[in-house]
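The values are calculated or read from the model by the stated rules, or taken from the named source; none is laboratory data. For clarity, every value in this text was computed on a predicted model and none was experimentally measured. Here the Cβ positions follow ideal geometry from the backbone for every residue, glycine too, while neighbour counts run over all protein chains shown.
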């Protein structure tokens, strides 16, 4: 996104990307690309001192989608998708608008010499660097050692927007989907309540509502006896045969479970490779309001490499895209003032 904007300034830039580019875009919305959300509220994000970047740039982002000819539609909850409902179509449009080099190489080393930057001993000089390497979410391996040379506070990455593991035997309802109200408890304290679809798995639970619960779970300072309380019914019925999935109905009857009070003990979340988003990264205390580093304002950090994460619904992509607009505007302003 930033590269397409830099084209407007007619300056040289190089993208370094190891492997397939745009993998997070391709995975978004289960391949449909939940590109953004019509709504904005800082409460949809954790630890986001820089939420105003999204607020200030949201309209500009939506206008830029139209300029790129990324035409969108939205659902009742404000989730925005390309009309094609194809993540690949969004990625193709972005790549079509990038004219400069994309080099298939991982950056392992950053050096600064005479106010210029050199990468991996082979590339440079560069006047500015933009760190947009994302997070370990969805990857089996992820290397962010390159950040160590920048003297930054880095918070440990933890999986967020991911399913929960449980030690409760729910194999018999594996694959069942159910609409329900879910409440996350920690040490018998209510943490977050939300309604939506749950997907039961062999050894855990998933679904958008559960992934959102994991987002709150991973921001707890201390975890003690966590569990999810599930209310499977929106009201009381005389009979449940046409209300609940037959496998689910049989399970709660055999196990003598109150459908209003189905307790799922949590032992952990699923691993990072199954997460859509990760908590952690560059601490916000390292950043100026324009996303440049406080200890070197010629280096910017944006997107998920920063310790900002939001709930499901296009909020994380919207954050990344709005960050790109912010960095573009800062570079443009610097050029215009020279």
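Here are the criteria: (1) out of contact with any helix residue (DSSP H, G or I) (no Cβ under 7 Å at 6 or more places or on another chain); (2) at pLDDT 90 or above; (3) closer than 30 Å to residue 128 by Cα. Tell me which single one residue 24 does not satisfy. Condition (2) is where residue 24 drops out. Could you name every one of the strands (runs of 3 or more DSSP E) located completely within the stretch 178-269 that has at least 2 residues being more than 19 Å from residue 163 (Cβ to Cβ) and more than 22 Å from the chain's Cα centre (by Cα)? Hits in the stretch 178-269: 189-200.
If we keep just the residues of the stretch 123-134 that are in a loop (DSSP other than H, G, I, E, B) and touching a helix residue (DSSP H, G or I) at 6+ places or on another chain (Cβ under 8 Å), which is modelled with the highest pLDDT? Step through it out loud before you land on a result.
Just the residues of the stretch 123-134 that are in a loop (DSSP other than H, G, I, E, B), to begin with: 127-128, 132-134.
Subset that is touching a helix residue (DSSP H, G or I) at 6+ places or on another chain (Cβ under 8 Å): 128, 132-134.
On the way: 128: 97, 132: 94, 133: 91, 134: 90.
Here the residue is 128.
When residue 91 is tested against (1) part of a helix (DSSP H, G or I); (2) outside the structural domain of residue 296 (by TED's automatic domain parsing), only condition (2) is not met. Taken over the stretch 4-46, the residue count meeting the criterion of being touching a residue at least 40 places away in the same chain (Cβ under 8 Å) and within 14 Å of the chain's Cα centre (by Cα) is 16.
Considering the stretch 292-304, the residues that are surrounded by fewer than 22 Cβ atoms within 10 Å (Cβ to Cβ) and touching a residue at least 60 places away in the same chain (Cβ under 8 Å) include one that is nearest to residue 22 (Cα to Cα), namely 299.
Residues in the stretch 69-84 that are out of contact with any strand residue (DSSP E or B) (no Cβ under 8 Å at 6 or more places or on another chain) and at pLDDT 95 or above were compared, and the one that is nearest to residue 23 (Cα to Cα) is 84. Candidates 143, 151, 104: the one that is in contact (Cβ under 8 Å) with a residue 60 or more places away in the chain and under 26 Å from residue 25 (Cα atoms) is 104. Picking from residues in the stretch 135-167 that are modelled with pLDDT of 90 or more and on the phi > 0 side of the Ramachandran plot, the one that is surrounded by the fewest Cβ atoms within 10 Å (Cβ to Cβ) is 151. Among the conditions (1) surrounded by fewer than 13 Cβ atoms within 10 Å (Cβ to Cβ); (2) more than 30 Å from residue 196 (Cβ to Cβ); (3) without any contact (Cβ under 8 Å) to a residue 60 or more places away in the chain, residue 76 misses just one, which is (2). Scanning the stretch 307-338 for residues that are outside any helix (DSSP H, G or I) and touching a residue at least 40 places away in the same chain (Cβ under 8 Å) turns up 307, 308, 309, 310, 311, 312, 313, 314.
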